[in-house]
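Everything below concerns the one structure shown next.
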Amino acid sequence: MDDAQMREAVKTFILEQFLPGESPDAIDDATPLITGGILDSISTIKLVSFIEEQLGVEFAAHEISADYLDSIARIAEVVREKRGQ
C-alpha cells in the first residue's frame, strides 16, 4: 500500500467509524483528530487496532497519543518511520 492509499484507508475508516454520514470533505490530512475532538480514548484505540491490522505496524503504549496520531498526515509519517521508509 503506497502513501496515498494508506492515507485514504485511514480517512475512510475514520469517516465510517467515527463520523458516519459526514462528507469526505469533513476531514483532510491536517485535521486534528484527537485535539479536535474527533477521536476520544476508545476511538483512538480502535483506530490503532485498524492501523496495526491493515498496515502491518505495531504501536507502543506511549505512542497511542496525540503526538503520534493527531492527524492523517502524522499517522502516515509514523507508519513510514515504523516501516523504515
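A few points about this structure:
- Residue match in the range 30-42 (condition: acidic (Asp, Glu), at pLDDT 95 or above and surrounded by 12 or more Cβ atoms within 10 Å (Cβ to Cβ)): no
- The range 43-79 - residue that is touching a helix residue (DSSP H, G or I) at 6+ places or on another chain (Cβ under 7 Å) and touching a residue at least 60 places away in the same chain (Cβ under 8 Å) and, of those, surrounded by the fewest Cβ atoms within 10 Å (Cβ to Cβ): 76
- One residue stands out in the range 28-85 among those that are in a loop (DSSP other than H, G, I, E, B) and of a type in the set (S, T, N, Q): the one that is farthest from residue 12 (Cα to Cα), namely 85.
- Output for the range 1-17, where each listed residue is in contact (Cβ under 8 Å) with a residue 12 or more places away in the chain and either assigned to a loop (DSSP other than H, G, I, E, B) or touching an Asp or Glu at 6+ places or on another chain (Cβ under 9 Å) (or both): 1, 7, 11, 15
The values are calculated or read from the model by the stated rules, or taken from the named source; none is laboratory data. Please read these numbers as outputs of a predicted model, since none were measured by experiment. Cβ: placed from backbone, ideal geometry, glycine included. Neighbour counts: every protein chain shown.
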